[in-house]
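First comes the structure, then the notes that go with it.
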Amino acid sequence: MDTQQDDVPTTKVAKTRRVWRKSEEDALIKCMVTEMCDKWKADNGFKPGFFTLLEKEMEKVMPESKLKASPHIDSKVKYWRQTYAKLTDILKLSGFGWDHVNKRIDVDNEVWKIYEQAYPKKAKEICGKRFPYFED
């Protein structure tokens, strides 16, 4: 069960950036899954106009959020892509698995220690964290 409160920001960021709430992230993922079709797929992501469509859908679902395609939605999707890439790379390594129940990396302590020594920055970014949207 996710212990995050809906009114607690999901990530710590600089004060100049918008802090996303879990309910906003949930709504964005639902909108993306609902609206995604071959029409919007491109070789490197999404065709132009997809984030604008998401902005309109988010306005319907969460009008109080005031999320805009740029900079809000595109930066959140960029962050998710970067996170997905890191997790995908780690999961390709021997000894790492995915815990579908807890939505986190499953790894033996000894394997983790070796990884942490080799990649301290990446390890710090993912250590013990849940990734509830990874499979979506």
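Things to note:
- Considering residues of segment 80-94 that are charged (D, E, K, R) and either free of Cβ contacts under 8 Å to residues at least 40 places away in the same chain or in contact with a Cys (Cβ under 7 Å, 6 or more places away or on another chain) (or both) only, the residue nearest to Ile126 (Cα to Cα): Asp89
- Among the residues making up segment 41-96, a single one is in a helix (DSSP H, G or I), among the hydrophobic types (A, V, I, L, M, F, W, C) and open to solvent by 60 Å² or more (accessible area, probe 1.4 Å): Val61.
- Qualifying residue in segment 43-51 (condition: under 24 Å from Arg130 (Cβ atoms), in contact with a helix residue (DSSP H, G or I) (Cβ under 9 Å, 6 or more places away or on another chain) and without any contact (Cβ under 8 Å) to a residue 60 or more places away in the chain): no
- Of all residues in segment 1-34, those satisfying the criterion of being hydroxyl-bearing (Ser, Thr, Tyr), modelled with pLDDT under 90 and closer than 27 Å to Phe50 by Cβ are Thr10, Thr11, Thr16, Thr34.
- Taking the criterion of being over 17 Å from the mean Cα position of the chain (by Cα) and of a type outside the set (Lys, Arg), the residues of segment 14-33 that qualify are Ala14, Thr16.
- Residue match in segment 102-114 (condition: in a loop (DSSP other than H, G, I, E, B), in contact with a helix residue (DSSP H, G or I) (Cβ under 7 Å, 6 or more places away or on another chain) and of a type outside the set (Gly, Ala, Ser)): no
Table: residues versus (1) under 25 Å from Arg17 (Cα atoms); (2) not basic (Lys, Arg).
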{"site": "Pro48", "(1), (2)": "yes, yes"}
{"site": "His72", "(1), (2)": "yes, yes"}
{"site": "Lys103", "(1), (2)": "no, no"}
{"site": "Asp106", "(1), (2)": "no, yes"}
{"site": "Val111", "(1), (2)": "no, yes"}
{"site": "Gln117", "(1), (2)": "no, yes"}
{"site": "Pro120", "(1), (2)": "no, yes"}
{"site": "Gly128", "(1), (2)": "yes, yes"}
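- Within segment 53-65, residues that are touching a residue at least 24 places away in the same chain (Cβ under 8 Å) sit with their Cβ atoms under 7 Å from residues that are hydroxyl-bearing (Ser, Thr, Tyr), at 6+ positions apart or across chains, in these pairs: Met58/Ser65.
- Members of segment 111-136 found to be closer than 17 Å to Arg81 by Cβ and of a type in the set (Phe, Trp, Tyr), listed by number: Phe131, Tyr133, Phe134
- Number of positions in segment 97-114 that are surrounded by 12 or more Cβ atoms within 10 Å (Cβ to Cβ), among the aliphatic types (A, V, I, L, M) and closer than 16 Å to Arg130 by Cα: 2
The values are calculated or read from the model by the stated rules, or taken from the named source; none is laboratory data. Keep in mind that this is a model prediction, so the values were computed, not measured. Every residue, glycine among them, receives a Cβ derived from its backbone with ideal geometry; neighbour counts consider all protein chains shown. The accessibility values were calculated without ligands, DNA or RNA, using every heavy atom of the protein model including side chains. Shrake-Rupley method; radii C 1.70, N 1.55, O 1.52, S 1.80 Å.
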